[in-house]
1. What does the net charge come to around residue 265 if you take all other residues with beta carbon closer than 15 Å to its beta carbon, with K and R at +1 and D and E at -1?
2. I need the peptides 230-237, 168-175 ranked by packing, meaning the mean over residues of other C-beta atoms within 10 angstrom, with the highest value on top.
3. Under 5 Å between amide hydrogens, which residues at least 5 positions from residue 245 or on another chain qualify, with H placed 1.01 Å from N in the peptide plane?
4. In whole Å, how far is the Cα centre of the range 231-270 from that of the range 442-470?
5. Got the relative contact order for the range 41-200 handy, in percent, Cα pairs under 8 Å and 6 or more residues apart?
6. Short version: ³J(HN,Hα) in whole Hz for each residue of the range 424-430, in order, from phi by Karplus 6.51 cos²θ - 1.76 cosθ + 1.60 (θ = phi - 60°), x for Gly and Pro, what are they?
7. Once amide H atoms are built 1.01 Å from N in the peptide plane, which residues 5 or more positions from residue 195, or in another chain, come under 5 Å H to H?
8. Can you list the HN-Hα couplings for the range 200-212, worked out from phi with the Karplus curve (6.51, -1.76, 1.60; θ = phi - 60°), rounded to whole Hz and with x for Gly and Pro?
Amino acid sequence: MNVAIYARVSLQEQAASDYSSVDAQVDCCRAHCAHQTAVTGSTWTVCDVYRDEGFSGRNTERPALTALLEAVKGGRYDAIIVYKLDRATRSLYDYLNLDATLQRHHCALVSVREQFDTTTPIGRAMRALLLVFAQLERETLVQRVMDKHTALMAAGRYVGGHVPYGYRMVDGELQIHPEQSPIVLRIFTEFANGRSTLTIARGLNADGVPSQLAGRKFKGGIQRGLWSPSALVCVLKAVCHRGIMRYGDRTGKWPAPTFVPPALVEAVDARIEMNRGTRGPKRVRHDLHGLFRCSECGGTLQQNSVSQRNGVRRVYLYCRDTRIDAGPQCASSHVRMEELAPISGAILAMIERCRPGATPPEPEGAAARRVELAARRERANDLYLDGRIPRDRWQQIVTACDDEEQALCPQRSGDIDPTDLNAEWPRLSVGKRNAILARLVRAIIVYPDRFEVITLPTEWDGWEPGITIRR
């Protein structure tokens, strides 16, 4: 029987000595293989040894484990030997996925210390018992964090999250932002006086007032921070200006002074309620709705139509910044509706060449970076729960880790089958086709001479990270 040994330590210091914990794990696994060969009469041949030095067991994003699983998928081993089960993983979810992968490729997992052999019924029973305690440990940590957030709300303190526009965090306390608060009052006043959100956005952009998005990165560059009607609606509907704080399904008192007069808030609420229902539901008019991005400013392209003198109605897409920016406008070009069909056709042609089953591609170094982010998040949770760092610092670390990890995670195509999609495509509604493409395409960047389709990673063989279409 061909076997592979897997060993892991969490800290680089543990692996730095002449005879480290990894070496001890490997020696014990080799001795176990020799013992099994002598007792069972079946030869346990150690083909390879995989070492992960300085990697946490909280997830499976480890270079040696990844290489081991690829070899298992190739049918190279009959069993994997570990010193203890937690050397493979400490996560219930990850272990279930790992076990399903091994069973699918007829490979057993053997634990030396726990006599944990998934080829026997008692081994599978012990596995279930150990995983119950692993699940309990993780859920206990989650409950501790939720309890602390609930206690913070009951004490009238800020729970966390993105700080609303008009406020800022100073030394762990919410304060009114001296520069943004007058902008919020201006927005409320102009909206209560009957001005539309589009008119207000144009005025703010003409005065050079940056929005919340100013300076944020996108695929094509840096956001200009222009105000849009949707951004203004978020400010107008923010519950903090009503003196309310929300955490999940719980509500509490906003832990900072409110600066918008109650009468002004009531006038805005009355107008919002009056406008409610005056427009029908937003229609998806083409397959690629919501996917186009401007190469100049990163803005989302929106749809518009004009009637020509000959009675023909022309529909096109344009960068929204050309509409909301009263100053120097974005120099991006319009997209005619006639140009959409070749883009959809190119994406469908790529889907037709694919077959299900491949592992989603990842950016180079993504696995190692996810391991670092997990360790940093776990350390921040421990420090916060022990009271060694303030809440705002904890929230800042966790939010930054979550945002970066989400950008690294490949998005699965789920239940979409590329072999059947092209045959079913003509019978699908426009909304259904748009929903499918939104799970496969991250964005379509519009340049004057080309379209660049940036795809999301899938598990399909033959799926490309992007395609270029000339205009």
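Every read-out reported here was derived from the displayed coordinates using simple, explicitly stated rules and does not represent laboratory data. Keep in mind that what you see is a predicted model, and the values were worked out from it rather than measured. Methodologically, a virtual Cβ is constructed for each residue, glycine included, from the backbone with ideal geometry; neighbour enumeration extends over all protein chains shown.
1. 0
2. Highest to lowest by the protection proxy: 230-237, 168-175.
3. Result for residue 245 returns 252, 253, 254.
4. Rounded to whole Å, the Cα centres lie 41 Å apart.
5. Numbers: 130 pairs, mean separation 19.5, N = 160.
Computed value for the range 41-200: 12 percent relative contact order.
6. 7, 3, x, 8, 7, 6, 4
7. When sequence neighbours closer than 5 places are left aside, there are no close amide H contacts.
8. Values, residue by residue: 5, 4, 4, x, 5, 5, 5, 8, x, 7, x, 8, 5 Hz.
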